[in-house]
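Since the structure comes first, as structure tokens, the remarks are kept for the end.
The values are calculated or read from the model by the stated rules, or taken from the named source; none is laboratory data. Note that the structure is predicted; figures quoted are calculated from it, not measured. Glycine also receives a Cβ, built like all others from the backbone with ideal geometry; neighbour counts cover every protein chain displayed. Protein only, heavy atoms only, side chains kept; ligands, DNA and RNA dropped before computing areas. Shrake-Rupley method; radii C 1.70, N 1.55, O 1.52, S 1.80 Å.
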Amino acid sequence: MSRNIEIKARIDDLDGLERKVAGIADSGPVAIDQDDTFFGCEAGRLKLRTFSANRGELIFYERADEAGPKECFYLITKTSEPETLREILALAYRETGRVLKRRTLYLSGRTRIHLDRVQDLGDFLELEVVLTDGESAKDGIAEARGILCRLGIEDSSLIEGAYVDLLYLGTRH
């Protein structure tokens, strides 16, 4: 499975943060509308991410639900029929939540910097530091912490869990 280090933070001034992100990014911005549907899954999480009527990804991932940087293990496969796949997965595994967001993607080295405007939830920063095979999670955590520092993000802004948790379980950190 692929691995990365993830961290999420609640943001009060998305436009101000975007100026800072643009200053450290190698590429971007790329605006991406995402429709994430989550399904019942006993081990980890299973979501279908839809980009358009003929483009989506099925994503399985495992990570701790804690504030701060955390290691995430994931597998992704593409689909050209996301609506049919959503129907199949809903019948087989039960839909547990849906998250609609506008993501603005920047890249800084190997780190994906996401500025997310999540419907009914607000604005967030998410970092994903992609790890190489055999690389220590400590290296990715240090890189994520460094980027947070450069962007002026305080630990008190960090959240745990996924957006779906915040929307459906009321977990608000």
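Determine, from the Cβ-Cβ distance of ARG19 and LEU91 and an R0 of 35 Å, the FRET efficiency 1/(1 + (r/R0)^6), rounded to the nearest 0.05. Walk me through the numbers on the way to the answer.
Details: r = 45 Å, r/R0 = 1.29.
FRET efficiency, ARG19 to LEU91: 0.20.
For the stretch 59-156, with the dipole built from +1 on Lys and Arg beta-carbon atoms and -1 on Asp and Glu ones, taken about the Cα centre, which of GLN119, TYR74, LEU148 lies farthest toward the positive end?
Towards the positive end, the residue furthest out is GLN119.
Round to the nearest 10 and report in Å² the accessible area of VAL130, as given by a 1.4 Å probe over the protein chains' heavy atoms.
50
Report the FRET efficiency, 1/(1 + (r/R0)^6), for PHE51 and THR132, where r is their Cβ-Cβ distance and R0 is 22 Å, rounded to 0.05. Walk me through the numbers before you get to the answer.
Numbers: r = 27 Å, r/R0 = 1.21.
Efficiency computed from Cβ-Cβ geometry: 0.25.
At 222 nm, what helix-only mean residue ellipticity would the chain give, in deg cm²/dmol to the nearest 500, using -39500 (n - 2.57) for each DSSP H run of four or more?
-7500 deg cm²/dmol
Just the number please: accessible area per residue for the stretch 69-169, 1.4 Å probe, all protein chains included, in Å².
52
In degrees from 0 to 90, rounded to the nearest 10, what is the angle of the helix 14-24 Cα long axis to the longest principal axis of the chain?
With rounding to tens, the tilt is 70 degrees.
Which percent of the accessible heavy-atom area of the stretch 44-106 goes to carbon and sulfur, probe 1.4 angstrom?
53
Can you tell me the dipole magnitude for the chain around its Cα centre, using point charges on the Cβ only (Lys, Arg +1; Asp, Glu -1), in Debye to the nearest 20?
The calculated dipole for the chain is roughly 200 debye.
Using a cut-off of 13 Å between alpha-carbon atoms, which aspartates and glutamates can reach LYS101, once sequence neighbours fewer than 8 places away in the same chain are excluded?
Within the straight-line cut-off, LYS101 pairs with ASP33, ASP35, ASP36, ASP116, ASP120, ASP123, GLU126.
Provide the per-residue ³J(HN,Hα) series for the stretch 160-165, in order, calculated from phi with Karplus coefficients 6.51, -1.76, 1.60 and θ = phi - 60°, each as a whole number of Hz, with x at glycine and proline positions.
Once rounded to whole Hz, the list reads 10, x, 10, 4, 4, 5.
List the GluC sites (Glu not before Pro) within the stretch 1-56 that fall in a DSSP loop (any state other than H, G, I, E or B) and whose Cβ has at most 14 other Cβ atoms within 10 Å.
Sparse-neighbourhood loop GluC sites (Glu not before Pro): GLU42.
Nearest 0.05, what FRET efficiency do ASP33 and ASP139 give at R0 = 25 Å with Cβ-Cβ as r?
0.20
Cα atoms only: what Rg and Dmax, in Å, come out for the stretch 1-99?
15.7, 45
Return the Rg/Rh value of the stretch 55-127, two decimal places, where both radii are evaluated on C-alpha atoms and Rh is the Kirkwood radius.
0.98
Take the Cα atoms of the stretch 96-165, build their convex hull, and give its volume per residue in Å³.
Dividing the Cα hull volume of the stretch 96-165 by its residue count gives 116 Å³.
Going 7 Å from the Cα of ASP120 toward and past its Cβ, which residues in the stretch 72-107 have a backbone nitrogen under 16 Å from where you end up?
Under cut-off, by backbone N: 95-102.
Of THR84, THR104, THR37, which is the most mobile in a GNM of the chain whose springs link Cα atoms less than 10 angstrom apart?
THR84
Within 10 Å of each candidate Cβ there may be at most 14 other Cβ atoms; applying that plus a DSSP loop requirement, which GluC sites (Glu not before Pro) in the stretch 112-173 survive? Provide the component values of the computation, followed by the final result.
On the way: sites: GLU126, GLU128, GLU135, GLU143, GLU154, GLU160; in loops: GLU135, GLU154, GLU160.
In loop regions of the stretch 112-173 (DSSP not H, G, I, E or B), the sparsely surrounded GluC sites (Glu not before Pro) are GLU135, GLU154.
If you average 1/r across every pair of different Cα atoms in the stretch 45-87 and take the reciprocal, what Kirkwood value do you get, in Å?
Evaluated on the stretch 45-87, it is 11.4 Å.
May I ask for the percentage of alpha-carbon pairs in the chain that lie more than 23 Å from each other?
39
Report the trypsin sites (Lys or Arg not before Pro) located in the stretch 36-90 that are in a DSSP loop and have at most 14 other Cβ atoms inside 10 Å of their Cβ, or state none.
Numbers: sites: ARG45, LYS47, ARG49, ARG55, ARG63, LYS70, LYS78, ARG86; in loops: none.
Hits after loop and neighbour filter: nothing returned.
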